[in-house]
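Below is one structure, written out as structure tokens; the observations come after it.
Each reported figure results from applying straightforward, stated rules to the coordinates on display, with no laboratory input. Quick caveat, the model's predicted, so the values are computed rather than measured. With ideal geometry, Cβ positions are generated from the backbone for all residues, glycine too; neighbour counts draw on all protein chains shown.
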Amino acid sequence: METKKIEQEKIKDILKNVNIAWSSGNPEDLMNYFHDNMLIISPDMKILGYGKENCIKSYIDFLNQATIIDYQKNVPEIHIFENTAIVFYTYNISWKTNNKLFNEKGKEIYVLNKHKNKWLIVMRKIASKL
């Protein structure tokens, strides 16, 4: 398998593990995948989280308020530029908060950096709701 395909598979596995970790109620497992200075950015370009701990806390806060009913994401589109990867995908999520059901379809963009042979997420951009 060519190197680019191998790296794309590694990144797919990382995103799969990230989504399993938070959607199954184990956001602490995200520590292994987030860069120390990670950013989470809203659709209107506001910083929702800065730093690994704060970004993980945003997942914990969401999970403390919500019960995930269903979460699905489409196959990611991955572009690699040496030690940087940009990933696009769409998702569907249903959750319940205060006995109220919410459904959302949206797009996300992830930026990863490869440092010391390990890919880490440096940015998650919630691109838009569909």
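Relative to the current alpha-carbon distance between residue 82 and residue 57, full extension at 0.36 nm per residue lengthens the span by 6.0 nm.
For the pair residue 68 and residue 12, label points projected 7 Å from Cα toward Cβ lie 2.0 nm apart. Given that just one value was derived from the coordinates, which of (i) 12, 43, 36, 8, 1; (ii) 11, 35, 31, 16, 6, 1, 0; (iii) 12, 31, 28, 18, 9, 3 is P(r) over Cα pairs in 10 Å bins from 0, in percent? Of the labelled values, this structure produces (i). Between residue 104 and residue 75, full extension at 0.36 nm per residue minus the direct alpha carbon distance yields a gain of 8.7 nm.
Sorting the segments 108-115, 67-74 by their mean number of nearby beta carbons within 10 angstrom, highest to lowest, gives 108-115, 67-74. Let me make sure I get this right: for the range 49-111, a, b and c are the square roots of the gyration tensor eigenvalues over alpha carbons, sorted descending. Under 1.5 in a/c it's rounded, otherwise prolate if a/b > b/c, else oblate. Which is it? Note, shape of the range 49-111 comes out oblate. If the segment from residue 129 to residue 19 were pulled out straight at 0.36 nm per residue, it would be longer than the present Cα-Cα gap by 37.8 nm. When the Cα centres of the range 2-80 and the range 82-115 are compared, how far apart do they sit, in Å? Comparing the Cα centres of the range 2-80 and the range 82-115, I get a distance of 7 Å.
Given +1 at the Cβ of Lys and Arg, -1 at the Cβ of Asp and Glu and no other charges, the dipole of the chain around its Cα centre is 160 debye to the nearest 20.
Calculated [222 nm] ellipticity per residue, helices only, for the chain: -9000 deg cm²/dmol; basis is -39500 (n - 2.57) per DSSP H run with n ≥ 4, divided by all residues, nearest 500.
A DSSP coil position with no more than 10 other Cβ atoms inside 10 Å describes the following GluC sites (Glu not before Pro) in the range 63-104: 82.
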